[in-house]
1. Quick one: if you take sqrt(5λ) for each eigenvalue of the C-alpha gyration tensor of the chain, what semi-axes come out, biggest first, whole angstrom?
2. Which cross-chain or sequence-distant (5 or more) residues have an amide H under 5 Å from the amide H of ALA12, H modelled 1.01 Å from N in plane?
3. Could you calculate the FRET efficiency of GLU48 with LEU27 from 1/(1 + (r/R0)^6), where r is the beta carbon distance between them and R0 is 25 Å, rounded to 0.05?
4. Please give the calculated 222 nm ellipticity per residue for the chain, where each DSSP H segment of at least 4 residues contributes -39500 (n - 2.57) and the sum is spread over every residue; nearest 500 deg cm²/dmol?
5. Give, as a single signed number, the net charge of other residues whose beta carbon lies under 11 Å from the beta carbon of ARG142, with Lys and Arg counted +1 and Asp and Glu -1.
6. GNM on the chain, C-alpha springs below 10 Å: top fluctuator among PRO47, PRO129, PRO177?
7. Summing +1 for each Lys or Arg and -1 for each Asp or Glu, what net charge is found among the other residues whose Cβ lies under 9 Å from the Cβ of ALA56?
8. What does the charge add up to near ILE201, with Lys and Arg as +1, Asp and Glu as -1, over the other residues with Cβ less than 15 Å from its Cβ?
Amino acid sequence: MLQRARQRLIFALDVDTADQAESLVRLLASEVGVFKVGLELFVAQGPEVLERLRRAGAAALFLDLKLHDIPATMRAAAKAAVKHGVELLTCHCDQADIFAGLDLGRTRLLGITVLTSLGPEDLAAMGYPEELCDPAALVTRRARLAMQAGCQGVVCSGLEAAQVRAALGPEALVVCPGIRPAEIGPGADDQKRIVTPEMAIRNGASHIVVGRPIRTARDPLAAARAVVESLSKGMEA
Ligand code: C5P
């Protein structure tokens, strides 16, 4: 069970040097199934960092670029990204259709539904109509769009995972950031829609993304093990 739980843990390598990222991979590879490279590391270090992380022991890589641009730029960026052989890549759900017919090789595309740092008040301020200011409603709508466009899964918070799982069926990847241990409540940092690892899995997440709760812990390896334990409890339920 623990081994299966580890496969479902994605660790966010939100650091700005390749040395730091590599050390984290070496330290955590036994507990983490997928390592996520986001904008901070990719912009700071360039694509070469991906190969270094592979050599350090990262079995699977997630390039979280959250692509959002005009169609020609999106398609060109996706073609360049898949050349790096990453297992997962993100774009925003409303633009997933731009990739129709494009050969992404073994890279699976995930649609970003609504960032987990946004709450109902942010959606209202962005101009969404009242019925879509409920994140669950907007997330589910965008998740359907992404899957119709050919994504293999979506990114949403664990709070919406049950609704998304019901809408997308058992095969879709449902990847949930905004994961926090039970003792941390909303408002502690920029994440607003948060749940525990156990709850995300119970709600139907296929994977969870964890960054700061592991990275800033006094003992990151122990923190990763605690997340895996919580994940595995959710899988038993
Ligand atoms: O440190 P923390 O656990 O909040 O990290 C969450 C990670 O997940 C970050 O790398 C962030 O970019 C990413 N993410 C997110 N919300 C999304 C998609 C990705 O927080 N909707």
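Readers should treat all values here as calculations from the given coordinates under stated rules, not as data from a laboratory. Just so you know, these numbers come straight off a predicted model, no measurement behind them. So basically every Cβ, Gly included, is an ideal-geometry build from the backbone, and we count neighbours across all protein chains shown.
1. 25, 23, 16
2. LYS36, VAL210, GLY211
3. Rounded to the nearest 0.05, the efficiency is 0.75.
4. -12000 deg cm²/dmol
5. 0
6. So, out of PRO47, PRO129, PRO177, the one fluctuating most is PRO129.
7. In short, +3.
8. +3
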